[in-house]
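Enquirer: Before anything else, here's the structure in question.
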Amino acid sequence: MALEWDAASYEELADPMTRWGAEFLGSLEFRGDEVVVDAGCGTGRVTELLVERVPEGAVVAVDASEAMVEAARRRFAGDERVRVVCQDLLELDVGEPVDAIFSTATFHWIKDHERLFKKLAENLKPGGRLAAQCGGAGNVARVQRAAEEAMREEPFRRYFEGWEDQKEYPDPETTRARLEAAGFERVETWLLEKPTPFDSVEKLARYLEAVILRRHLTKLPKSEHSPFAERVAEKVSSQDGPLMADYVRINMLATRKEA
Ligand SMILES: C[S@@+](CC[C@H](N)C(=O)[O-])C[C@H]1O[C@@H](n2cnc3c(N)ncnc32)[C@H](O)[C@@H]1O
């Protein structure tokens, strides 16, 4: 089942993802008339920048979270060039194959990258491009360590029995091999470190609750969401070094094979 999001909090707190999305988008070339899928559009902050890059084209914004889709639909209401679709990317079907698929901060929420990449290839025209950025090997390792400690403590311990994290933070070699196996060529994959500082433990806790710990929170009653995020933030603050989320991104560029 799709993970639900608090769209209002994400919209407010997504500055890091929007910044990296803008930077990544700025490194890409577009003719301007392409039809592009934004795979995992969230509330549409980065989608908005993508729409500007294809002034003669169109964007299909896809997300599995109803709250995110509703927010994106509000953002693009009246814009005929943007279609917002509520769909799981593992079942992606946008109708006519598109010229390009763009994605930021999404693929690491999906465990099965082999299947994901096959679905993406199916929805691209031969020669169509994939440009995606998501969490890569080593992503938020310090935060993960803090979360693992908090999960073992009271009163949270009992909720995490049998917990398996469904996230996937792949390395460049594995991602390259998966993309090639799914029918892509001219594949480039690389990691980037994006350490993201926070002014206070409170701000980090709010951010963890709205973004990084979304899946953890599905195991907890609502009343424990903020206490858990606060415990994790305190643990991050007691680690050596500055208060930060130690983000690592993986970029992937690939072209769907012609035949
Ligand atoms: C962190 S947000 C990123 C949103 C936006 N791309 C950005 O960069 O700000 C991750 C988004 O991926 C979506 N997502 C995660 N798994 C998905 C799936 N299997 N199918 C479709 N969307 C998914 C979530 O619902 C969420 O809106």
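Enquirer: Is it the case that some residue within the range 147-161 is out of contact with any Gly (no Cβ under 7 Å at 6 or more places or on another chain), more than 23 Å from residue 42 (Cβ to Cβ) and at pLDDT below 95?
Expert: Here is the first cut: in the range 147-161, the ones out of contact with any Gly (no Cβ under 7 Å at 6 or more places or on another chain) are 147-161.
Going one step further and asking which of them are more than 23 Å from residue 42 (Cβ to Cβ), we end up with 148-161.
Imposing the further condition that a residue be at pLDDT below 95 reduces the set to 161.
Checked against the condition, which is being out of contact with any Gly (no Cβ under 7 Å at 6 or more places or on another chain), more than 23 Å from residue 42 (Cβ to Cβ) and at pLDDT below 95, the range 147-161 yields at least one hit.
Enquirer: Can you pull out every residue in the range 65-85 that is in contact with a strand residue (DSSP E or B) (Cβ under 7 Å, 6 or more places away or on another chain), free of Cβ contacts under 8 Å to residues at least 40 places away in the same chain and open to solvent by less than 60 Å² (accessible area, probe 1.4 Å)? Outline the logic, then answer.
Expert: We begin by selecting, within the range 65-85, every residue in contact with a strand residue (DSSP E or B) (Cβ under 7 Å, 6 or more places away or on another chain); these are 66, 69, 72-73, 76, 81-85.
Going one step further and asking which of them are free of Cβ contacts under 8 Å to residues at least 40 places away in the same chain, we end up with 69, 72-73, 76, 81-83, 85.
Residues satisfying the conditions are 69, 72, 76, 82, 85.
Enquirer: Next up: Within the range 144-259, considering only helices (runs of 4 or more DSSP H) that don't extend past its boundaries, which have at least 2 residues that are without any contact (Cβ under 8 Å) to a residue 40 or more places away in the chain?
Expert: Working: elements: 172-181, 201-207, 214-217, 225-237.
Where helices (runs of 4 or more DSSP H) fall fully within the range 144-259 and carry at least 2 residues being without any contact (Cβ under 8 Å) to a residue 40 or more places away in the chain, they are 172-181, 201-207, 225-237.
Enquirer: Within the range 128-143, take every residue that is of a type in the set (Gly, Ala, Ser), within 15 Å of the ligand (Cβ to nearest atom) and part of a strand (DSSP E or B) and give me the one that is farthest from the chain's Cα centre (by Cα).
Expert: In the first step, residues of the range 128-143 are kept if they are of a type in the set (Gly, Ala, Ser); the result is 128, 131-132, 135-138, 141.
Filter again for within 15 Å of the ligand (Cβ to nearest atom), leaving 131-132, 135-136.
Narrowing further to those that are part of a strand (DSSP E or B): 131-132, 135.
Working: 131: 13, 132: 9, 135: 7 Å.
It comes out as 131.
Here is a yes/no grid of residues against (1) of a type in the set (Phe, Trp, Tyr); (2) in contact with a strand residue (DSSP E or B) (Cβ under 7 Å, 6 or more places away or on another chain); (3) closer than 16 Å to residue 249 by Cβ:
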position: 109; (1), (2), (3): yes, no, yes
position: 113; (1), (2), (3): no, no, yes
position: 120; (1), (2), (3): no, yes, no
position: 126; (1), (2), (3): no, yes, no
position: 131; (1), (2), (3): no, yes, yes
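Enquirer: Read through the list (1) open to solvent by less than 20 Å² (accessible area, probe 1.4 Å); (2) over 20 Å from residue 181 (Cα atoms), then give the number of the only condition that residue 95 fails.
Expert: Residue 95 satisfies all of (1) open to solvent by less than 20 Å² (accessible area, probe 1.4 Å); (2) over 20 Å from residue 181 (Cα atoms) except (1).
Enquirer: For the range 77-112, enumerate the residues that are more than 9 Å from the ligand (Cβ to nearest atom) and among the aliphatic types (A, V, I, L, M).
Expert: Residues satisfying the conditions are 77, 82, 84, 85, 94, 98, 100, 101.
Enquirer: Of all residues in the range 151-202 being open to solvent by 60 Å² or more (accessible area, probe 1.4 Å) and of a type in the set (A, V, I, L, M), which is farthest from the chain's Cα centre (by Cα)?
Expert: Applying the filter and picking the extreme gives 181.
Enquirer: If you don't mind, there's one more thing I want to ask. Within the range 49-60, which residues are within 12 Å of the ligand (Cβ to nearest atom) and open to solvent by 10 Å² or more (accessible area, probe 1.4 Å)?
Expert: Scanning the range 49-60 gives a single hit, 49.
So that you can scan it fast, the table gives a plain yes or no per residue for (1) modelled with pLDDT of 95 or more; (2) farther than 30 Å from residue 26 by Cα; (3) open to solvent by 40 Å² or more (accessible area, probe 1.4 Å):
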residue: 208; (1), (2), (3): yes, no, no
residue: 212; (1), (2), (3): yes, no, no
residue: 217; (1), (2), (3): yes, yes, no
residue: 220; (1), (2), (3): yes, yes, no
residue: 231; (1), (2), (3): yes, yes, yes
residue: 236; (1), (2), (3): yes, yes, no
residue: 242; (1), (2), (3): no, no, yes
residue: 252; (1), (2), (3): yes, no, no
residue: 256; (1), (2), (3): yes, no, yes
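Enquirer: Within the range 36-48, track down each residue that is open to solvent by less than 50 Å² (accessible area, probe 1.4 Å) and more than 10 Å from the ligand (Cβ to nearest atom).
Expert: Passing the criteria: 36, 37.
Results for (1) among the aromatic types (Phe, Trp, Tyr); (2) over 16 Å from the mean Cα position of the chain (by Cα), shown as yes or no for each residue.
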residue: 5; (1), (2): yes, no
residue: 13; (1), (2): no, no
residue: 52; (1), (2): no, yes
residue: 93; (1), (2): no, yes
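Enquirer: In addition: Mind listing whichever residues of the range 8-35 are more than 8 Å from the ligand (Cβ to nearest atom), open to solvent by less than 20 Å² (accessible area, probe 1.4 Å) and assigned to a helix (DSSP H, G or I)?
Expert: Looking only at the range 8-35, we keep the residues that are more than 8 Å from the ligand (Cβ to nearest atom), and these are 8-9, 11-13, 15-16, 19, 22-35.
Applying the additional criterion that residues be open to solvent by less than 20 Å² (accessible area, probe 1.4 Å) yields 16, 24-25, 28, 32, 34.
Selection gives 16, 24, 25.
The values are calculated or read from the model by the stated rules, or taken from the named source; none is laboratory data. No experiment lies behind these values; they were computed from the predicted model shown. Methodologically, a virtual Cβ is constructed for each residue, glycine included, from the backbone with ideal geometry; neighbour enumeration extends over all protein chains shown. Accessible surface is based on the protein model in full, side chains and every heavy atom, while ligands, DNA and RNA are left aside. Shrake-Rupley method; radii C 1.70, N 1.55, O 1.52, S 1.80 Å.
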